[in-house]
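Q: Below is a structure I'd like to ask you about.
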Amino acid sequence: MRGMINPSTPSVGMTDAGLNAILRAAEQNLREVVAGAAVLQDWPARQLSVLRNTYPAWEIDRAEDPSGLMWWTAELRQTFTFEIAAAGVIKTVRESDAIALASTLAWQSALLHNARSA
């Protein structure tokens, strides 16, 4: 195989410096793969971070209900007025997954913007 080093056969012309350079590059690649895997393992935490950064007007969290189901929740941070309620904004939103919560918050944020503009 081209570009692959077989440790069982001696490398013609391979110096210690060359071998060390290959090992350093492989180690860096391995570190990047391990770091990427660690990020993917905590996917809900990443989703939560993205939601919080995307919708700062809402206090967003994940919570388990008494039956053991996990819910994604968002509560409007600002004072809930009659005008906001009349615009269709809901003070507290609860969805079963992050994507559904993002969709709901996009709609709720549009309603909130319309209420502020009126």
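Q: I need to check one value: relative contact order of the stretch 74-118, counting alpha carbon pairs closer than 8 Å and at least 6 residues apart, in percent.
A: Computed value for the stretch 74-118: 44 percent relative contact order.
Q: Per the 1.4 Å probe, what fraction of the accessible area of the stretch 75-118, in percent, lies on carbon and sulfur atoms?
A: 58
Q: Between E75 and D97, what is the spin-label point distance in nm, taking each point 7 Å from the Cα along the Cα→C-beta axis?
A: With each label point 7 Å from Cα toward Cβ, the separation is 2.6 nm.
Q: Please give, to one decimal in nm, the separation of the simple spin-label points placed at D65 and V33, each 7 Å out from Cα toward the Cβ.
A: Simple spin-label model gives 4.2 nm for this pair.
Q: Taking only protein heavy atoms into account and a 1.4 Å probe, give the accessible area per residue of the stretch 9-108 in Å².
A: For the stretch 9-108, the per-residue accessible area is 70 Å².
The values are calculated or read from the model by the stated rules, or taken from the named source; none is laboratory data. Since the structure is predicted, the reported quantities are computational estimates derived from the model, not experimental observations. With ideal geometry, Cβ positions are generated from the backbone for all residues, glycine too; neighbour counts draw on all protein chains shown. Just so you know, the surface numbers come from the protein's heavy atoms only, side chains and all, with ligands and any DNA or RNA stripped out. Shrake-Rupley method; radii C 1.70, N 1.55, O 1.52, S 1.80 Å.
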